[in-house]
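Inspection log for the structure reproduced underneath, given as structure tokens.
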Amino acid sequence: AAPTMRRLDLQVILGTFAIAFGSLVVFFVMLHYRSNGRGCDQSLTDSNGFMCLSDSMWAEKKRIFRLQTEHQFTSNSVEPNTWIAQNAHPVLTCALEERLGGFGDGGKWICDPSTLAKQVQVRKQTHPHLDPPCLIYSFGSNDDFSYEESMHERFPDCGIFVFDHTGDAHPPPYVTFSRWGLAGQNFPPDNATGNGPMYTLETIMGNLGHRGRTIDILKVDVEGWEFVTFVPLFQEHFLPFHQLQIEIHLEIAKYGQWFFQQMLAHHLVIFHKEPNVMQGCGGMCAEYSLIKMAPSWFEGP
């Protein structure tokens, strides 16, 4: 029992630090906007310092969010392409969202990259010993680093960590590559296939010295492993990331409603959706982008 309690105590301490750090970043972002004559305290609070809108516009945005959320699941179809077309739509808009990476397959939609760039500069001033000042995790690469190249161009101060357990890779110098896969539990290397080990997100963050940190952008393209990977994350309420870009594969009609209801319960909302009609998916996969909102976003009228 003692080791478990010590582990829980450490998680509580790290969680408290993460909340305090996030609140401090929001505070400095608020000061920045106030100094530029823009009063948007409520929207900055609700969006974890990411969006600045007047109270009246923000109230309307909340109204639309609640209306859209009530109609998220209108089909019980077992056909993936039908399920994708009729369920799990974006319920929030990012004013300056941008597609980074390739313009074809491989690109991902990011919520307001310019805001994240500003937040990184604030962190460098308020936490100069935080190295790197922001974290980008990318699971599944197939030795294609066009997405990471684009991310590095926009966020040169961010640490970019790429993971793929299925083969060799030739990453650019600004990428930290690990031949690890993402899973719902830890697995050793597979000698039969030559694949590397698979680890939980918590184990990976610990291995890299990032325990207690928040991942700014998490990209997940793990070819169907996404559902079993997220089961323990939901169960343990361990979703330490601010934005999620994820490709959902063929079993979306079976697990999709549960998956996105769990995301919403953990304050992650969809802001972009893009069916993947490339060969191999044929309209039966979809790319989703989500952002974590503060608990206050879900409160009030």
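The values are calculated or read from the model by the stated rules, or taken from the named source; none is laboratory data. Source: prediction; values computed, not measured. Here the Cβ is made from the backbone with ideal geometry for all residues, glycine too, and neighbour counts use every protein chain on show. What goes into the accessible areas is simple: the full protein's heavy atoms, side chains included, and nothing from ligands, DNA or RNA. Shrake-Rupley method; radii C 1.70, N 1.55, O 1.52, S 1.80 Å.
Quick one: in the stretch 84-133, which of the residues that are touching a His at 6+ places or on another chain (Cβ under 9 Å) and in a helix (DSSP H, G or I) is most open to solvent (accessible area, probe 1.4 Å)?
Per the stated criteria, the residue is Lys118.
Is one or more of the residues making up the stretch 72-79 farther than 30 Å from Lys254 by Cα, modelled with pLDDT of 55 or more and in contact with a Ser or Thr (Cβ under 8 Å, 6 or more places away or on another chain)?
no
Which ones in the stretch 198-230 are closer than 24 Å to Pro80 by Cα, among the aliphatic types (A, V, I, L, M) and open to solvent by 10 Å² or more (accessible area, probe 1.4 Å)?
If the condition is that a residue be closer than 24 Å to Pro80 by Cα, among the aliphatic types (A, V, I, L, M) and open to solvent by 10 Å² or more (accessible area, probe 1.4 Å), then Val222, Val228 are the ones that fit.
Tell me which helices (runs of 4 or more DSSP H) are completely within the stretch 188-301 and hold 2 or more residues being charged (D, E, K, R) and under 25 Å from Phe50 (Cα atoms), or say none if there are none.
The helices (runs of 4 or more DSSP H) meeting that bar number zero.
Out of everything in the stretch 134-172 that is in a helix (DSSP H, G or I) and of a type in the set (Ser, Thr, Tyr), what residue ends up being surrounded by the fewest Cβ atoms within 10 Å (Cβ to Cβ)?
The residue in question is Ser146.
Any idea which of Leu31, Leu14 is modelled with pLDDT under 90, open to solvent by less than 50 Å² (accessible area, probe 1.4 Å) and of a type in the set (A, V, I, L, M)?
Leu14
Need pairs with beta-carbon distance below 8 Å; first residue under 30 Å from His152 (Cα atoms) and among the hydroxyl-bearing types (Ser, Thr, Tyr) and within the stretch 172-194, second open to solvent by less than 70 Å² (accessible area, probe 1.4 Å) and in a strand (DSSP E or B); sequence gap 6+ or separate chains.
Hits for this filter: Tyr174/Ile160; Thr176/Gly159; Thr176/Ile160; Thr176/Phe161; Thr176/Val162; Ser178/Phe161; Ser178/Val162; Ser178/Phe163.
Give the stretch 252-277 a look and list any residue that's over 18 Å from Ile110 (Cα atoms) and not hydrophobic (A, V, I, L, M, F, W, C), or say none.
Lys254, Tyr255, Gly256, Gln257, Gln261, Gln262, His266
Give the residue that is surrounded by the fewest Cβ atoms within 10 Å (Cβ to Cβ), with candidates limited to residues of the stretch 231-248 that are closer than 24 Å to Gly106 by Cβ and at pLDDT below 95.
Within the stretch 231-248, the match that is surrounded by the fewest Cβ atoms within 10 Å (Cβ to Cβ) is Glu247.
Would you be able to say whether some residue in the stretch 272-284 is surrounded by 20 or more Cβ atoms within 10 Å (Cβ to Cβ) and closer than 16 Å to His89 by Cβ?
Yes, that holds for at least one residue.
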